[in-house]
1. Given +1 on the Cβ of Lys and Arg, -1 on the Cβ of Asp and Glu, and no further charges, what dipole in debye does the chain carry about its Cα centre, rounded to the nearest 20?
2. Between Ser209 and Thr113, what is the label-to-label distance in nm when each label sits 7 Å out along the Cα-to-Cβ direction?
3. Taking R0 as 45 Å, what's the FRET efficiency between Thr7 and Lys178 from their Cβ-Cβ distance, rounded to 0.05?
4. Could you work out how far the C-alpha centroid of the range 124-171 sits from that of the range 57-90, in angstrom?
5. If I take R0 = 30 Å and measure r between the Cβ atoms of Gln125 and Val24 in this structure, what FRET efficiency does the formula 1/(1 + (r/R0)^6) give, to the nearest 0.05?
6. Give the residue from Phe27, Leu169, Gly52 lying farthest towards the positive end of the charge dipole for the chain; charges sit on Cβ (+1 for Lys and Arg, -1 for Asp and Glu) and the dipole is referred to the Cα centre.
7. Go ahead and set up a Gaussian network model of the chain, Cα springs under 10 Å, then flag whichever of Leu201, Leu35, Leu140 fluctuates most.
8. For Cys205, Cys166, Cys144, which order do you get if you count the other beta carbons within 10 Å of each Cβ and list the fewest first?
Amino acid sequence: MKKPGRTATRVVLLRHGETEWNRVERFRGRIDLELNQVGQRQALAAAQRLSGWQIEAIYSSPMKRALQTAEPVAKVCGLDVAILEEINDVDYGAWAGLSAEEARAQYAEAYGTWVHTPLLTQFPQGESLQQVHTRSWTALDERCSGHEGGTILLVSHVVVNRMLICAALGLVDDAFWKIGQDNAAISVLEGANGHYRLLLLNDTCHLDSLHERGD
């Protein structure tokens, strides 16, 4: 049952489409990668899926891969994209550009924390996940309050989306790795009076036709 008070706002979380570094699994963070051809088609498919959702505002990470995912949605919805710095990808610092194997070899202790207790992670020369949590959750909650009763779209990154979903549901540290967030996946939160619930998680049904074509 919804708590009485303000009308609930729906927050649609869209992870950006595929980049080459998603395909080969390298830490991305603040390296400003563009979508590859698969990612571009994923963005178009997501836009088609969201075209009838009555979205009233679109906010995007400043990274090219997020903006290139947000722009097709904005076009079909007749909206502009507002850049929201607070939902930028995590700053991986010295890990940016490394594969998981390289990060484990060069930063064994930090990598162990990342794997086993991710919310305690402080990336060398980069951010902590607590910093990501604070900045992204504050931004989501403020936008939710500012669009009471409406539907807004946030286009961001896997770490940010996982942190937002964990925060909304009050999940603890080890839940981070249990939150699926595939490229161009859609998740939906609904919030009012500071209380949130999860309506949809990691939905990729709009990408089925791409998989059938071999994309």
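Quick note: the coordinates plus some simple rules give every number you see, no bench work behind them. Everything numeric in this text was worked out from a predicted model, so none of it was measured. Positions of Cβ are backbone-derived with ideal geometry, glycine not excepted, and every protein chain shown enters the neighbour counts.
1. Value, rounded to 20: 480 debye.
2. 4.6
3. Calculated transfer efficiency: 0.90.
4. 14
5. 0.85
6. So the residue we want is Gly52.
7. Leu201
8. Ordered by Cβ neighbours within 10 Å, fewest first: Cys205, Cys166, Cys144.
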